[in-house]
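Single-structure report; data block below.
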Amino acid sequence: MSDKELTKESPSYKDFILRKSQSGAMAGFDPIWMPDFLFGDFAFQGALVEWAIRKGRNAIFADCGLGKTPMQLVWSENVLRKTNKAVLIVTPLAVSHQTKREADKFGIEATRNTTGLDRGIVITNYEQLHHFEPDGFAGVVCDESSILKSFNGSTRKAITRFMSKVPYRLLCTATAAPNDYIELGTSSEALGELNYSDMLRRFFMQLDDKGQKKEIRQQEAAELIIEHDQNYFKKLAYRVAQTIGQWRLKHHAVTHFWRWVASWARACRMPSDLGFPNNGFALPELRERDHIIKARSITPGMLIDIPAFGLAEERQERRRTLAERCEFVAQLVDHDRPAVVWCHMNSEADALEKMIPDAEQVAGRTSDDRKVELYEAFADGSLRVLVIKPKIGAWGLNWQHCNHVVTFASHSYEQYYQSVRRCWRFGQKKPVQLDVIATEGELRVLANMRKKAAKADAMFTALVREMNQATRVERENLYTKPVEVPSWLSAAS
């Protein structure tokens, strides 16, 4: 049918408008198998799985401990039964073992494989994806999908290309920060929605130097407002806090942007975010303490220590205070309970491994098999203290047996969040002790980390609210209002 033949009454025209409305489409099927463990206190999981199966290509942003693993296993089993074709679950290293244990626990047949098996439900890790061919699979699950943006460009493109050739797709993660549009664009592209560039062009505007300075002033004002009026900050959140580099949401596109995100994703931090009771889902107390370490010596050339400014000075500050910081951490974990220490430098990890008698380190140079051994040893209690970097092992692992976390100050909110949530998660029975280590020269770093944490929490709350509102919109009734033709135009015709 040509463009001239499209009228507002024709089905083709309505389909055309619906595609332009960013309301999404249901590309899946009715659920075939919904096990009993997705009901009762876990009915919110059943609702998410049912929606994901019917959607076909979608993302679930559910917080740590809300059961993303059983949800993705049930989703995979449904795709397998519907198509009689294999489904691939891709996870970070060592999480594949954890996923296999969950499958056995729930009676779902799955195989862990790294050599290209394409039968049944197959579990592998991202580093082994090149062994698999997408033609052999009807569905693919990317577990802890926020890790996608941590890969280099070629690896990320390879994962996206693999997913694009598979009909059914599911992304699962706990930390799709709502103010991280890079991640939302990466997720959208992997699911076959708008790519990152198209997303920016459609919903965002680019700022010139004058505009950027204005946005900075607005953000500074908002940070003052948040101390006095939380509600007013929420009103400003979309226009102020959602700025990334030289881009910000168009003022008139805010609702449409979140409606678009809600068309392919669901987000929740508690079952109540989806309208279900929070039965049994309560986080224990998080006892967070900041420790400011004083350096033994003054910075060369200075009369007093002043806060480091810029990444170069911060790295210099960390190297200069290495011994003091590591000695303090060794004293903190001098007890008989499990503890995990997150660091950011090889020199820190090496020093801590020597200072703490019963500690083992997982480093970049550690072989994959050895990493898995250490993860398993820490999980089963045979290893008491694990020293590790967030970028190596902060995604997906469940360490509810451990309630002591030590971390060094960092600018990365996601690394901080993931580090804490390995232990502070639903299922943890004890209060969690979190010790954050910084020096007098790292006060700016510590303040920035706290500011990012507060902003991310406010933004996720807004994301859930907007998604709930968007899902109540009757999309099939959009753009059905009759067109009113002006009298002068009708007369001319």
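Tell me the label-point distance for the pair PHE106, ASP118, using the 7 Å Cα-to-Cβ offset, in nm and rounded to one decimal.
2.6 nm
Hey, with R₀ at 35 Å, roughly what FRET efficiency would PHE328 and ARG450 work out to, going by the Cβ-Cβ distance, to 0.05?
Values: r = 20 Å, r/R0 = 0.58.
FRET efficiency, PHE328 to ARG450: 0.95.
Run the numbers for HIS401 and LEU311: contour at 0.36 nm per residue of separation, minus the present Cα-Cα distance, in nm. Before the final figure, lay out the partial values.
On the way: separation 90, 0.36 × 90 = 32.40 nm, distance 3.52 nm.
Full extension from HIS401 to LEU311 adds 28.9 nm.
Using only the Cα atoms of region 307-409, build the gyration tensor, take square roots of its eigenvalues as a ≥ b ≥ c, and label the shape rounded, prolate or oblate: rounded if a/c is under 1.5, else prolate if a/b is larger than b/c, else oblate.
Numbers: a/c = 1.98, a/b = 1.54, b/c = 1.29.
Prolate is the answer for region 307-409, as a/c is 1.5 or above and a/b outweighs b/c.
Out of residues 5 or more away from ILE293 or on other chains, whose amide H comes under 5 Å of its own, with H placed 1.01 Å from N in the peptide plane?
Correct list: ALA438, THR439, GLU440.
When the Karplus curve 6.51 cos²θ - 1.76 cosθ + 1.60 is applied with θ = phi - 60°, which whole-Hz ³J(HN,Hα) does each residue of region 28-37 get, with x for Gly and Pro?
Rounded to whole hertz, the list is x, 7, 5, x, 9, 9, 10, x, 4, 6.
Per-residue HN-Hα couplings for region 250-257, Karplus 6.51 cos²θ - 1.76 cosθ + 1.60 at θ = phi - 60°, whole Hz, x for Gly and Pro?
5, 4, 7, 9, 4, 4, 5, 5
Non-local amide H neighbours of ILE123 (under 5 Å, H modeled in plane, Pro and chain starts lacking H): which ones?
Result for ILE123 returns ILE89, THR111, ARG112, ASN113.
Post the alpha-carbon centroid distance, region 340-408 to region 39-98, in whole angstrom.
Centre-to-centre distance over Cα atoms comes out at 28 Å.
Under the 0.36 nm per residue contour assumption, what length would be gained going from the current alpha-carbon distance of LYS157 and PHE29 to full extension? Mind showing how you got there, number by number?
Values: separation 128, 0.36 × 128 = 46.08 nm, distance 2.80 nm.
Here the segment from LYS157 to PHE29 would lengthen by 43.3 nm.
Keeping every protein chain present and rolling a 1.4 Å probe, give me the accessible area per residue for region 61-155 in Å². Present the calculation step by step, with values, prior to reporting the outcome.
On the way: 3330 Å² over 95 residues.
Solvent-accessible surface per residue comes out at 35 Å².
Counting only residues 5 or more places away or on other chains, whose amide H sits under 5 Å from the amide H of ARG57 once H atoms are built in the peptide plane?
Amide H to amide H, under 5 Å and 5 or more residues apart or across chains, ARG57 pairs with ALA27, ARG169.
The values are calculated or read from the model by the stated rules, or taken from the named source; none is laboratory data. Since the structure is predicted, the reported quantities are computational estimates derived from the model, not experimental observations. All Cβ positions, glycine included, derive from the backbone under ideal geometry; neighbour counts span all protein chains shown. These area figures cover heavy atoms from the full protein model, side chains too; ligands, DNA and RNA do not enter into them. Shrake-Rupley method; radii C 1.70, N 1.55, O 1.52, S 1.80 Å.
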